[in-house]
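The values are calculated or read from the model by the stated rules, or taken from the named source; none is laboratory data. Source: prediction; values computed, not measured. Cβ placement follows ideal geometry from the backbone for every residue including glycine, while neighbour counts extend to all protein chains displayed. In case anyone asks, the SASA skips ligands and DNA or RNA and just uses the protein heavy atoms, side chains included. Shrake-Rupley method; radii C 1.70, N 1.55, O 1.52, S 1.80 Å.
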Amino acid sequence: MSLKSVGPADLHLHSDCSDGTEPPAEVVRRARAAELGTIALTDHDTVAGWDEAARAARAAGIMLLPGAEVSAKHRGMSVHVLAYLFDPDHAALSRTMTRVRGDRIGRAERITRNLARDLPVTWEDVLAQCADDATIGRPHIADALVARGIVASREEAFAGPLHPASPYYVSHAAPTPVEVVEEVGRAGGVSIIAHPAGRGALPDGEIRSLIDAGLGGFELGHRENTPVGTARLQRYVDEHDLIVTGSSDYHGAGKPNRLGENTTDPAMVERIIRAATGSDPVV
Ligand code: AMP
Ligand code: FE
Ligand code: FE
Ligand code: ZN
């Protein structure tokens, strides 16, 4: 199998299987139109989009790395672990993702109930914004608030009623980042910490634990990373020869992030493919 891709690689895209706004096939079509050569579908806590994305990637002649963005929490701080080319049928990892998806439903319902004390929004409104079996999240609640004319955008919802400091906020249960990295490794996948240098930095001890647990690397090319935070993590990359990726974190109309706004070096794509044993890239 040729590992060569033609065109830039964007390894962090969302579809409406989580909080993106387009079905997987449409995401792939747009990626091809944006002249990307390699993409990864990384919906939150689910592999539901893999088959559709794979069919679309074959039709479009674009290389696809199936993946997921797994929710984790370090001492209350949300950490997102991008997982690539793992075995989608690995029992422990799929159980972990199923558990998080399930907990997200009750949590979204509680946030909505809290909002409904003061605002004209219902759980039915939220469900109407969420594709069948999609991983539900605050973006769907935001979309319901927009549909009701309560806020103008997801952005405004996140800055206001859906902000973690808001009285309506409820968090969801999640495994620790080390647990996720270990499970992804056992499932034959490669773990990359998503947007690792944005708000909230992981302490040095936790970064060392993640590297010991088999972390593949960091997504240093992401619009939410700060220069100072990125430089700090680059030192770990240099010391431990870690993988570095750059990605858009495309969410369709749900975020301003543009396809290909950050890209990953082909040599790094190749390292991910060579390190993974859980599933094959779609070429
Ligand atoms: P949740 O996982 O339900 O807590 O929601 C977090 C998700 O909301 C992340 O995956 C982001 O993609 C999305 N998100 C966070 N902040 C914003 C924002 N300001 N505008 C749009 N989407 C956002
Ligand atoms: Fe998201
Ligand atoms: Fe994320
Ligand atoms: Zn993401």
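So the values come out like this:
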{"quantity": "Single unsatisfied condition, Arg208 versus (1) open to solvent by less than 10 Å² (accessible area, probe 1.4 Å); (2) within 19 Å of His240 (Cα to Cα)", "calculated": "(1)"}
{"quantity": "Residue ID - nearest to ligand 1 (Cβ to nearest atom), chosen from residues in region 239-265 that are among the small types (Gly, Ala, Ser) and on the phi > 0 side of the Ramachandran plot", "calculated": "Gly252"}
{"quantity": "Matching residues in region 156-168 - criterion: being open to solvent by 30 Å² or more (accessible area, probe 1.4 Å) and in contact (Cβ under 8 Å) with a residue 40 or more places away in the chain", "calculated": "Pro167, Tyr168"}
{"quantity": "In region 172-207, the residues that are assigned to a loop (DSSP other than H, G, I, E, B), more than 15 Å from ligand 3 (Cβ to nearest atom) and within 25 Å of Arg95 (Cα to Cα)", "calculated": "Ala173, Pro175, Thr176, Ala187, Gly188, Gly189"}
{"quantity": "Unique residue being closer than 30 Å to Thr112 by Cβ, over 18 Å from the mean Cα position of the chain (by Cα) and not β-branched (Val, Ile, Thr) when the list is Pro167, Pro177, Pro203", "calculated": "Pro167"}
{"quantity": "Close pairs from region 54-79: first among the charged types (D, E, K, R), partner within 16 Å of ligand 4 (Cβ to nearest atom), Cβ under 6 Å, at least 6 apart", "calculated": "Glu69/Thr42; Glu69/His44; Glu69/His80; Glu69/Leu82; Glu69/Ala194; Lys73/Ala174"}
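One line per residue, one yes/no per condition, for (1) at pLDDT below 95; (2) open to solvent by 10 Å² or more (accessible area, probe 1.4 Å); (3) more than 16 Å from ligand 3 (Cβ to nearest atom):
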position	(1), (2), (3)
Gly37	no, no, yes
His44	no, yes, no
Ala53	no, no, yes
Leu65	no, no, yes
Val81	no, no, no
Ile105	no, yes, yes
